[in-house]
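Presented below is the structure to which this report refers.
The values are calculated or read from the model by the stated rules, or taken from the named source; none is laboratory data. Remember, predicted model here, so these are calculated numbers, not experimental data. Glycine gets a Cβ as well: all are built from the backbone with ideal geometry, and neighbour counts include every protein chain shown. Surface accessibility is based on the protein's heavy atoms, side chains included, excluding ligands, DNA and RNA. Shrake-Rupley method; radii C 1.70, N 1.55, O 1.52, S 1.80 Å.
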Amino acid sequence: MLKLVSVLAAALLTGCAAIAGAGSLADVAVINRTTGERLQVYRHAGRLYVEGKAGERYAVELRNRSGGRILTVLSVDGVNAVTGQTAAASQSGYVLSSGGRAEIAGWRKDLGDVAAFYFTALPDSYAARTGRPDNVGVIGVAVYQEYLEPPRARLDAPALAKTEAAGRMSAGDAAGAAAAPPAAAPAPSEGAAQRNKMAEEKLGTGHGERIHAPTYSTEFRRASSTPGEAITIYYDSRQNLIALGVIPRYAKLPQPFPNGGFVPDPS
């Protein structure tokens, strides 16, 4: 088992809503902070996508579906949203109590403030400005359950040490597996190539104004060296999502004035 680590307790909110990435342990959604609306989720080729608009502030909503505390390690554009490190699932994150919900609105600067998340052109993204542009356009949440001491007698010290060593080894093996180069992507079809010609500059997440978002440190012992689940949501501009085939090119948009006249009685 992994040792106790110091992490952050999320500021819990009340209420619930439809969530984008629904897992067995946690749910994840992306929220437009101006309107409070949850961004529509598009499912394409086994992946989840949301449409971002340059300049809009957003937050990542996390909700605990389990019966105990969980640790949620949040990655934005391949960067840990708490520490600013190149993201790894084994790093620090936010702890949510059973049934708890929290909105993470920015990059953690200290225990009191975050720097706002906002959609922006790739060169202005925090990841690109810190020399890490390769993973821009994705939000990931690794979820860990908490280790609870069994009601029986504790393991003796040698056995416990052996278990912890095995946990560290497993964590190292997992990190090595994650570092393996991805398989080569298949060559795009003629239709995909035509759509890609219409694509615009990729969206990323910027490092915005300071927002007061207090939290505090707590301790959490992971029940396993690897996350119980990981939820991934990709994002980009509408034009790029159309170019990728995620959004149909001629998707019908709601119209503000579909008809004229006066207000009729309801049927």
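Hey, what's the Cα Rg ratio for the stretch 26-77 versus the globular rule of thumb, 2.2 N^0.38 Å?
1.29
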> What net charge is computed for the residues neighbouring residue 95, neighbours being all others with C-beta under 10 Å from the C-beta of residue 95, Lys and Arg scored +1, Asp and Glu -1?
Replying inline: -1
> Using modelled backbone amide H atoms (1.01 Å from N, in-plane), which distant-in-sequence or interchain residues come within less than 5 Å of residue 54's amide H?
Replying inline: none
> Given H placed 1.01 Å from N in the peptide plane, which residues other than close sequence neighbours of residue 118 have an amide H under 5 Å from its amide H?
Replying inline: 58, 206, 208
> Any idea of the accessible area per residue across the stretch 41-162, 1.4 Å probe, to the nearest Å²?
Replying inline: 44
> Using a simple spin-label model with points 7 Å from Cα along the Cα→Cβ vector, what separation in nm is obtained for residue 122 and residue 110?
Replying inline: 3.5
> Any idea what log10 I(q)/I(0) is at q = 0.18, 0.26, 0.30 Å⁻¹ for the stretch 55-107, Debye with uniform C-alpha scatterers and no solvent?
Replying inline: -0.60, -1.02, -1.15
>> Placing +1 on the Cβ of each Lys and Arg and -1 on the Cβ of each Asp and Glu in the stretch 46-129, which of 70, 102, 58 has its Cα farthest towards the positive end of the resulting dipole?
In response: 70
